[in-house]
Structure formats: structure tokens, C-alpha cells
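Peer 1: Here's a structure for you.
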Amino acid sequence: MKSESHGIVIAATHLGLRDIGPWLRALLSSLEPSQRDQVLGAIELAVHELANNAVDHAEPASGEISLIGGVEGDELVVILRDDGQPFVTPAPLPPDEPQIRGYGLMIVEQIATAVDYQRQDGENTWSARFSLSSHV
Amino acid sequence: MSDSSEIEKMSTNDDMRMQRANEEVDIANVCLTGRLDAMEAGGLRQQLSALIDAGHCNIAVDLSDVVFVDSAGLAALVKGMKDAATAGGDLRLVSPHNPDALRVFELTRFDRVFTMQTTLEQLRSNW
């Protein structure tokens, strides 16, 4: 695990995803503890799901996922990059029959105030914004 | 009204049969702690499959001490629920006490799909 001022590079493995929570906690250390604890769990879940998509589907050639985060006013902005396969939009979930997989992005979209994906120069880039004043 | 007074009021044969059936249901308990994430989901899938293959198709999964659940952990539980139903049983949950662990069920609406109770005793007695 390599750390920068507001960034981290994690192993693109399921074990590597466990570095996300402590990194986010440190990133939000300027918040009042009660406010941080209100938003941290949901943000961790969303960032974890984005990174897990990269682990399971993109399979980054470098074996790593880089994350950069920063507080902008009342929001936290997190950017994830990997050099794996391009993201393919999953088929919509059927309305009635409970499906076993395919809920990751649905979860992210409910927690984040905005989610964006770009494919550029052989890299997947996800950016997500999270409110720090209201929690899901 | 207490449970004992309710039992005392049961007088029909149907009620008594239902009471005996609840007492005789074979329910396997799976107690989880810590994180139920992509790292742990594969192990849980194997554990649930082994129980069902061994004939334990009614499974109570106790999530009360779980602190984090992601979509991979949820998927393992959903697969277990489907496999248990196919085998003629059910997989039911003791709700996580930690709201961060409950969140994934609420966001995906699976809190309305799973039978969830707040304690293992409630889950077993209401089976």
C-alpha cells in the first residue's frame, strides 16, 4: 500500500479493498467525529463497490487501483483509476425475481450525489461525489 | 399478552399442529462476525452449500455482530436463500445491529425479501 497526501494505491484484490475504509477515515479526519461517523459507512460502501467492480471485472494489468480523494466544500470527491478492461454497462435488473449479482453500481448511485465514468488512454476513471452533510 | 397465555388459548387441532411443527423444524445456525465482504463471501457460499447438501435446508444466519456487508456478501446470502428454497427450506437472517451493515439490504430492498428478526431466539421461535 503506497500513500500520498490525498491518495492511495491499493492491490486490485479483495483483500486490498480493506485498505479503503482506513484511508477514507483519515481523509475525513478534519470533520467532527460525530459527523464523520454518520457519513463514513455509506461512503466506504460506495467506494468499496466501485473498486470491487475493478477487481472482479476490469482485472487491472498493473494489479493496482489508485484512489485520490479530497474535500470540496460540503462534499467529498473520490476518483478511482485502473488500467483494466473497459467498463461494460450491465443489463438492467429484472423487477421481480431477486438476482444474485449486479447490485454494486445501483448501491453507488444511491449513496453518491454524482457518479461519472470515463475511458481514456487505456484507463478506467470513476469519479464520485458524496455529501458530507446528509447521509444515506 | 404473554406468549404463555397465547399458547394456553390454542385449542384447535390446527393450532396445536402448527406449534409442534415449529418445535420440530431442523434449523441450522450460521453465526458471522466482523466483515461480510468480497473477501469472505466465497467461504460463506461454500458453508451454505455444504449445509444444504447435507440436508439442512432451513438456515438461520446470525448477522447481529457483523459490521460491514457489501454486495458480494449480500450475493452469497441471496444464493443461499435461493438454494435453500429449491431444497424445500428457507434461509432467514438475524439483522445486523450495526446500521452500516444493514445499509446494503435497505439500498437493494433485500430487507423486504429476507425474513429478518432482531434476535436468533425470535427467528427460531417464529419459524
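Peer 1: Out of (1) closer than 20 Å to residue A:123 by Cβ; (2) within 11 Å of chain B (Cβ to nearest Cβ); (3) touching a residue at least 12 places away in the same chain (Cβ under 8 Å), the odd one out for residue A:56 is which?
Peer 2: (3)
Peer 1: For the range A:36-61, give me each residue that is within 14 Å of residue A:76 (Cβ to Cβ) and in contact with a Ser or Thr (Cβ under 8 Å, 6 or more places away or on another chain).
Peer 2: Across the range A:36-61, the qualifying residues are A:36, A:39.
Peer 1: Within the range A:96-106, does at least one residue satisfy the condition of being crowded, with 22+ Cβ neighbours inside 10 Å and either away from chain B (no Cβ under 14 Å) or touching a Leu at 6+ places or on another chain (Cβ under 9 Å) (or both)?
Peer 2: Checked the range A:96-106: at least one residue is crowded, with 22+ Cβ neighbours inside 10 Å and either away from chain B (no Cβ under 14 Å) or touching a Leu at 6+ places or on another chain (Cβ under 9 Å) (or both).
Peer 1: Same structure, new question: Can you tell which of A:76, A:45 is in a strand (DSSP E or B) and surrounded by 22 or more Cβ atoms within 10 Å (Cβ to Cβ)?
Peer 2: Result: A:76 is the single residue among A:76, A:45 that is in a strand (DSSP E or B) and surrounded by 22 or more Cβ atoms within 10 Å (Cβ to Cβ).
Peer 1: Could you tell me whether the range A:69-76 includes any residue that is within 11 Å of chain B (Cβ to nearest Cβ) and within 12 Å of the chain's Cα centre (by Cα)?
Peer 2: No.
Peer 1: Out of the range B:37-73, which residues are aliphatic (A, V, I, L, M), more than 10 Å from every other protein chain (Cβ to nearest Cβ), more than 18 Å from residue B:120 (Cβ to Cβ) and outside any loop (DSSP other than H, G, I, E, B)?
Peer 2: Within the range B:37-73, B:50, B:52 qualify.
Peer 1: Considering each residue of the range B:74-107, count those that are crowded, with 18+ Cβ neighbours inside 10 Å, more than 11 Å from every other protein chain (Cβ to nearest Cβ) and assigned to a helix (DSSP H, G or I), and give that number.
Peer 2: 1
Each value in this text was obtained by applying a stated rule to the coordinates, not by laboratory testing. It should be emphasised that the depicted structure is a prediction, and the values quoted were computed from it without experimental measurement. Glycine also receives a Cβ, built like all others from the backbone with ideal geometry; neighbour counts cover every protein chain displayed.
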